[in-house]
Amino acid sequence: MSAQAEKLDVSVWRGDSDGAYQTFQVPAYESQTILDVVSWIQQYADPTLTYRFACRVGMCGSCAMMVNGRPRWTCRTHIKTVVKDGAVQIGPLRNLPVIKDLAADMDPFFDKWVAAGGVHAPSGSRYDPIEPVDPAGPERTEASAGIECINCSVCYAACDTVAGNADYLGPAALQRAWTLYNDAKHDARESILDAVSGTGGCHNCHSMGSCTVYCPNELDPMSAIAGLKRETAKNFFRKRG
Amino acid sequence: MLDLRLYMAQRISALIMAPLTLGHIAVMIWAVQGGLSAGEILGRTQGSVFWFLFYGTFVAAVSVHAAIGLRVIVYEHVGISGKTLTALTWAVFAVLIAMGARAVWAVTAGAGGA
Ligand code: SF4
Ligand code: SF4
Ligand code: FES
C-alpha cells in the first residue's frame with residue numbers, strides 16, 4: 001500500500017458568506033497537517049484559494065479554521081486525526097465575517113480584545129527602578145495562566161454565546177482582561193472590571209467551557225472568566241458597602 | 001445584554017430561592033406525613049405574617065430570576081433585543097409577580113381557622 005496513491009476528498013469553503021464548499025482530491029502523505037492539505041490545493045489545484053498562515057509551528061495564531069465543524073489550529077493538527085472515510089471539510093472560522101474562502105475577518109475579535117481593556121498600560125517608565133514580581137505569587141500565577149494565548153480565535157469560534165450574542169466580548173478578550181487585572185505592572189486594573197461589566201461583558205458567559213476544551217494551547221478562558229465574575233461581584237458590594 | 005446589575009439580580013434571587021424552596025419542600029413533606037389536610041394547612045397559613053413573607057419573598061425572587069433567565073434565552077435564540085427585549089423582560093416579571101401574588105394572597109390572607 002503506497003501512501004502517495006491514496007487520495008483525500010477535501011471540501012473547502014469558497015467565496016464569502018454566500019459561498020459554497022468545493023471538493024478537491026488531494027494526495028495523502030505521511031505526517032501531513034491540515035495546513036499542508038490546504039497549501040497543496042492552492043499550489044497544485046487552484047492558486048486563487050485564499051487562506052492565512054505564517055509560522056506553521058503553532059506560534060502566530062493565524063491559521064485557525066473550522067475542520068469538520070470544529071475550530072482547530074491547522075498547522076498543528078494532523079489530517080489523519082480528522083479524516084472520516086477519506087474525507088474532510090475545511091471552512092473559515094465560525095463567528096467571524098468571511099473575507100474570502102478560508103480567510104475570516106479577525107477585526108471583531110481584536111476590537112473586542114481592546115474593548116475588554118486588553119491594551120497594556122505600564123505602571124512605570126524605563127526610568128523607574130524595576131519592581132520585583134514573585135513568579136509564584138497568587139496574582140502572578142493567575143496572570144501567567146493566560147499569557148500563552150496566541151490570538152488564534154479558536155475559542156471565539158467555539159463559543160456558542162458569541163454565536164447567539166454578537167456583543168459578547170468572548171473568551172480570549174476576557175481572558176486577556178483577567179490576565180491584565182492580575183498583572184501588578186498594569187496601570188488600569190480597576191477600569192478592567194468596568195470594561196467587562198457592560199452588556200457584552202463576562203456575565204454573559206454560560207460557563208459551558210467550549211473555549212477551554214478547544215483552546216489548542218490548553219489555556220482555560222472559562223476559569224479566567226469565572227475569576228472576572230467573582231471580582232466584579234465582590235466589587236459590586238464594595239461599591240455599595 | 002446581561003450586565004453586572006442583571007447578573008447580580010439573578011444570582012441574588014437564586015440565593016434567596018434556594019433555601020426557600022428547600023424549606024417549602026421540607027414543610028410539605030412534614031405536613032403531609034403528619035396527616036394534615038389541605039384545609040388544616042390553609043388554616044395555619046391564612047393570617048400568618050410568617051408564611052406571607054415566606055411565600056411573598058419566594059414569588060418575588062422567582063419573578064426576578066425567571067424574567068432575567070428568559071431574557072437571555074430569548075435574546076440568544078430568538079434574536080429579540082433592545083427596547084423590545086427590555087419590555088418583554090418586564091412583562092414576564094409582571095405576569096409572574098401578579099400570578100404569584102394572587103396565590104400568596106389566597107394562601108395567607110384572611111382570618112385563620114379551617
Ligand atoms: S465558557 Fe463562556 S466563553 Fe467559554 S465557550 Fe462557554 S460561554 Fe463562551
Ligand atoms: S485562548 Fe486559546 S483558543 Fe483562545 S485565542 Fe488564545 S490560544 Fe487561541
Ligand atoms: S501558522 Fe502560525 S499558528 Fe498555525
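Since every read-out is calculated from the coordinates, none of them should be taken as a lab result. Owing to the predicted nature of the structure, the values given are computational and were not obtained by experimental measurement. Neighbour counts run over all protein chains shown; Cβ positions are idealised from the backbone, glycine included.
Side notes on the structure shown:
- Altogether, the Stokes-Einstein calculation at 37 °C and 0.692 mPa s, with the Kirkwood radius of segment A:3-104 over Cα pairs as Rh, returns a diffusion coefficient of 245 µm²/s.
- Cross-link reach is defined here as a Cα-Cα straight distance under 16 Å, omitting same-chain residues fewer than 8 places apart; for A:Lys7 the aspartates and glutamates meeting it are A:Glu30, A:Asp36, A:Asp85.
- Taking the Kirkwood radius as Rh and the Cα radius of gyration as Rg, segment A:107-240 has a ratio of Rg/Rh equal to 0.97.
- Relative compactness, segment A:181-236, computed as alpha-carbon Rg over 2.2 N^0.38 Å: 1.20
- Neighbour counting of Cβ atoms within 10 Å sorts the residues A:Asp160, A:Asp167, fewest neighbours leading, into A:Asp160, A:Asp167.
- Bins of 5 Å from zero: percent of alpha-carbon pairs in segment B:2-108: 2, 12, 18, 20, 16, 11, 9, 6, 4, 2, 0
- The protein assembly as shown - convex hull of alpha carbons, volume per residue in Å³: 220 Å³
- Nearest 10 degrees, 0 to 90: helix B:82-108 Cα axis against chain B principal axis: 0 degrees
- Along chain A, longest interval not containing exposed GluC sites (Glu not before Pro), exposed being DSSP loop plus at most 13 other Cβ atoms within 10 Å: A:31-147
- Residue pairs, from the table A:Lys100/B:Lys83; A:Lys112/A:Lys229; A:Lys84/A:Lys112; A:Lys100/A:Lys229; A:Lys234/B:Lys83, whose Cα atoms sit over 27 Å apart: A:Lys100/B:Lys83; A:Lys84/A:Lys112; A:Lys100/A:Lys229; A:Lys234/B:Lys83
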